[in-house]
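Engineer: The following block contains the structure, expressed as structure tokens.
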Amino acid sequence: MTTSKTQKLLLRLIVLFAICASIPLWRATPKQSVISEQLGLIVPVTAQGPVTLDRSIRDYRLPSEIPWVERNGTGSLTVYGNASTPGGIYVSLLRRPFDNWSAPHTHPTERYSTVLEGTFLAGTGSVQDRNRVDALKAGTVVREVPGRMHYDGVGQDGVTLLFIGMGGVNSGPASEAPRAPGGPNVDPTAREAKKVEDMVWTKAADGSTFTNVFGDPSKAGLYVQFVRRPPNSWSTAHRHDNDQFLWVMGGRMYIGTGASVDTDKTVGMPKGSFIHDFANGTHYEGTKDEDLWLLVAGMGPAAPERVD
């Protein structure tokens, strides 16, 4: 074979390889493919959007979203009602730093204080004695007896409190004889404290456990209740006759609104979240992969009424 023929054959082979390289062996995958015909797989185009709850049924705040009003190192927030308005209930939050003390004072009406986080130093009497206090940890609920003098301070880890009470006008500092030496640090006739380790729990039909610390949601009057749920435990869709106020003490609570329980249409509430359930709004809640410890407070009757 001559040199010229060899060169022409080589050129033809190069052109042939170039043409073959330009032909795809299978159809190119579309940019937004729903079905891959070659592999027989279904590929989702878009992910599910964020869940939106009906805020007229169930309002909530994540820990970073709580609009604290800061003043002189303390943070406060009135959640519901007004403490100075007689006849109605109020709910408020208070966050205080270490070594923050109140002077002895009274409250004119019924009030319950729940330690949400940190250490609450509780004392009673007309004289502030910082060595005569009880150090109360998260989960302790304190009943403040109307008209009786008490004072309080804050431990090194700070404290966050939730108050629920009946509104009323405080007439000012009361007079009360100083406490006699001896006896308990806290006078139980002025301040009644219930600690978590002393509470008695009852198991509910849905697998949760609860304890009515003060009051009873099924009866008239103020109540403070704790609820615990194991993992993968859900309520039915239900409603309450009166508003309820919830704080996630531990774990994560998944909340939804509406009459159809759908665990995928919920919003996760971590520890430190606050939820306000409006009266007669249908909602549900539960857990997924961890335990839940929940504070529930309000004005009874507010026992859950199932909604089918």
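Engineer: For the stretch 194-234, how big is the tail of P(r) above 12 Å, as a whole percent of Cα pairs?
Structural biologist: Roughly 61 percent, rounded to a whole number.
Engineer: Now, a different point. For MET269, what residues show an amide H to amide H distance below 5 Å, using hydrogens built from the backbone and excluding near sequence neighbours?
Structural biologist: MET253, TYR254, ILE255
Engineer: Let me see the P(r) profile for the stretch 120-267: every Cα-Cα distance counted, bins of 10 Å, each bin given as a percent of all pairs.
Structural biologist: Going out from 0 Å in 10 Å bins, the stretch 120-267 shows 8, 31, 32, 18, 9, 2, 0 percent.
Engineer: With every protein chain left in place, what is the accessible area per residue of the stretch 218-308 in square angstrom, probe 1.4 Å?
Structural biologist: 38 Å²
Engineer: Beta carbons within 10 angstrom, averaged per residue: use that to sort the peptides 69-80, 114-125, highest first.
Structural biologist: Final packing ranking: 114-125, 69-80.
Engineer: Hey, another quick one. Just order 196-205, 264-273, 157-166 by mean Cβ neighbour count inside 10 Å, highest at the front, would you?
Structural biologist: 157-166, 264-273, 196-205
Engineer: Put +1 on the Cβ of every Lys and Arg and -1 on every Asp and Glu Cβ in the stretch 183-254; which of MET199, TRP247, PHE214 then has its Cα farthest towards the positive end of the dipole?
Structural biologist: My answer, from the dipole projection, is TRP247.
Engineer: Using the heavy atoms of the protein chains and a 1.4 angstrom probe, tell me the accessible area per residue for the stretch 114-211 in square angstrom.
Structural biologist: 47 Å²
Engineer: Continuing with this model, one more query. With a 10 Å radius around each residue's Cβ, average the other Cβ atoms per peptide and rank 137-148, 51-62, highest first.
Structural biologist: 137-148, 51-62
Engineer: Then there's this: Binning at 5 Å from 0, report for the stretch 107-193 what percent of all alpha-carbon pair distances ends up in each bin.
Structural biologist: Calculated over all Cα pairs of the stretch 107-193, the distribution is 3, 15, 25, 25, 20, 11, 2 percent.
Engineer: Looking at this model, which pairs from LYS219/LYS271; LYS137/LYS195; LYS137/LYS194 are more than 19 angstrom apart at the alpha-carbon?
Structural biologist: LYS219/LYS271
The values are calculated or read from the model by the stated rules, or taken from the named source; none is laboratory data. Remember, predicted model here, so these are calculated numbers, not experimental data. Note: ideal-geometry Cβ built from the backbone for every residue, glycine included; neighbour counts use all protein chains shown. Accessible surface is based on the protein model in full, side chains and every heavy atom, while ligands, DNA and RNA are left aside. Shrake-Rupley method; radii C 1.70, N 1.55, O 1.52, S 1.80 Å.
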